[in-house]
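Asks: Sharing a structure, written as structure tokens. Questions coming.
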Amino acid sequence: MKKEILYSGKAKTIYKTDKQKELIADFRDSLTAFDGKKKNEVKRKGYFNAQISKKIFEMLEESGIKTHFIKMVSDTEMLVDAVEIIKIEVIPRNIAAGSITKKYPIKPGTQFQEPVIVMDFKSDEYADPMINEDIAVAMNLATREEIDQLKNMALKINKILVDYLGTKNLLLPDFKLEFGRVDGNIVVADEISCDTCRLWDKETGDSLDKDLFRFDKGDLSKAYEEVARRIVPEIF
Ligand code: TMP
């Protein structure tokens with residue numbers, strides 16, 4: 001049973017439930033970029049992201065990767081484990097795009113020989129700065145053992161998603177993962193959706209993700225629907 005709001009983020013609202021160990025994440029239609037400075041609302045965005053995220057969480061669970069996902073309770077709401085979020089965003093990169101091409105002399109579109117794992121400190125106040133293991137440990141964000149585990153899980157998830165999305169004619173240049181602690185385990189938390197992945201059409205190279213909104217590159221609603229048609233055709 002849904003109770004009061006625990007926390008309202010930029011794209012999801014988290015509700016308490018009658019069970020202390022379970023929360024409800026409601027995927028909203030609101031959209032932000034650049035640490036919340038740019039904002040918009042896009043009809044059905046929350047619905048598509050919730051359904052895409054659900055499918056990906058289920059697939060990861062089938063591959064033996066623990067996530068916070070329990071079940072859907074409505075079209076846009078998922079019941080999840082209440083976890084202690086680790087404030088490190090783990091970003092596997094396969095093809096150079098976005099911030100890495102601005103910070104380093106790496107040409108956009110460069111295919112990396114091996115996935116590059118980047119870690120950012122999750123903080124709007126500090127604009128999600130890139131960190132390394134020593135900084136994360138110094139800030140008490142996680143232990144070295146946990147960071148090892150995050151990187152290993154991220155690499156495994158990356159492999160699963162690249163292969164899976166490839167069958168849907170999608171490239172995965174990069175994506176962002178968040179993790180949480182629950183009952184002594186580390187599990188994948190937050191969402192894996194068009195908001196948190198770069199997804200390019202394999203044939204045309206067109207962006208089908210939040211870059212459309214970040215850089216005013218086209219119709220986000222149409223693109224998210226297209227990704228949903230490929231990943232969750234059963235909802236159409
Ligand atoms: P970046 O190129 O801006 O560092 O983004 C890398 C990936 O992480 C990209 O797939 C988008 C995703 N991302 C988020 O999910 N949340 C964020 O706050 C940022 C900055 C990026």
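Asks: Please go through (1) under 27 Å from D201 (Cα atoms); (2) crowded, with 16+ Cβ neighbours inside 10 Å for A136 and return the number of the only condition it doesn't satisfy.
Replies: Single failed check for A136: (1).
Asks: Of all residues being charged (D, E, K, R) and assigned to a strand (DSSP E or B) in segment 69-121, which is farthest from the ligand (Cβ to nearest atom)? Just the residue, please.
Replies: The selected residue is K71.
Asks: Is it fair to say A223 is among the small types (G, A, S), open to solvent by less than 40 Å² (accessible area, probe 1.4 Å), out of contact with any helix residue (DSSP H, G or I) (no Cβ under 7 Å at 6 or more places or on another chain) and within 16 Å of the ligand (Cβ to nearest atom)?
Replies: no
Asks: Next up: Inside segment 178-189, can you point out the residues that are surrounded by fewer than 24 Cβ atoms within 10 Å (Cβ to Cβ) and touching a helix residue (DSSP H, G or I) at 6+ places or on another chain (Cβ under 7 Å)?
Replies: Once the filter is applied, which keeps residues that are surrounded by fewer than 24 Cβ atoms within 10 Å (Cβ to Cβ) and touching a helix residue (DSSP H, G or I) at 6+ places or on another chain (Cβ under 7 Å), segment 178-189 yields only I186.
Asks: Output the residues belonging to segment 127-152 that are in contact (Cβ under 8 Å) with a residue 24 or more places away in the chain and charged (D, E, K, R).
Replies: Those that are in contact (Cβ under 8 Å) with a residue 24 or more places away in the chain and charged (D, E, K, R): D128, E146, K151.
Asks: When you scan segment 35-48, do you find a residue that is closer than 16 Å to I14 by Cβ and either modelled with pLDDT of 95 or more or more than 12 Å from the ligand (Cβ to nearest atom) (or both), even just one?
Replies: Yes: one or more hits.
Asks: Shifting gears a bit: Kindly indicate whether F175 is within 13 Å of the ligand (Cβ to nearest atom) and closer than 13 Å to L60 by Cβ.
Replies: yes
Asks: Still on this structure: Would it be correct to say that K122 is charged (D, E, K, R), out of contact with any His (no Cβ under 9 Å at 6 or more places or on another chain) and under 19 Å from S207 (Cβ atoms)?
Replies: The answer is no for K122.
Asks: Then there's this: Suppose we keep only residues that are small (G, A, S) and farther than 14 Å from I52 by Cα within segment 190-215. Which one would you say is most open to solvent (accessible area, probe 1.4 Å)?
Replies: Only one residue fits best here, namely G205.
Asks: Residues in segment 135-151: is at least one away from the ligand (no atom under 12 Å from the Cβ), under 16 Å from the mean Cα position of the chain (by Cα), in a loop (DSSP other than H, G, I, E, B) and among the β-branched types (V, I, T)?
Replies: Among the residues of segment 135-151, not one is away from the ligand (no atom under 12 Å from the Cβ), under 16 Å from the mean Cα position of the chain (by Cα), in a loop (DSSP other than H, G, I, E, B) and among the β-branched types (V, I, T), which makes the answer no.
Asks: Which of (1) away from the ligand (no atom under 11 Å from the Cβ); (2) at pLDDT 95 or above is the odd one out, the single condition E125 does not satisfy?
Replies: With respect to (1) away from the ligand (no atom under 11 Å from the Cβ); (2) at pLDDT 95 or above, E125 is out only on (2).
Asks: Which of the residues belonging to segment 122-132 are surrounded by 15 or more Cβ atoms within 10 Å (Cβ to Cβ) and not in a loop (DSSP other than H, G, I, E, B)?
Replies: Within segment 122-132, just I131 meets the criteria.
Asks: Another question about this same structure. Output the number of residues of segment 214-236 satisfying the condition of being within 22 Å of S30 (Cα to Cα) and either assigned to a loop (DSSP other than H, G, I, E, B) or touching a Ser or Thr at 6+ places or on another chain (Cβ under 9 Å) (or both).
Replies: 9
Asks: Taking interchain pairs and intrachain pairs at least six residues apart, which have beta carbon atoms under 8 angstrom, with the first residue in segment 216-236 and without any contact (Cβ under 8 Å) to a residue 40 or more places away in the chain and closer than 13 Å to Y47 by Cβ and the second open to solvent by less than 10 Å² (accessible area, probe 1.4 Å) and assigned to a helix (DSSP H, G or I)?
Replies: F236/A228
The values are calculated or read from the model by the stated rules, or taken from the named source; none is laboratory data. Remember, it's a predicted structure, so these values are computed and weren't measured experimentally. Cβ: placed from backbone, ideal geometry, glycine included. Neighbour counts: every protein chain shown. SASA here: full protein model, heavy atoms, side chains in, ligands and nucleic acids out. Shrake-Rupley method; radii C 1.70, N 1.55, O 1.52, S 1.80 Å.
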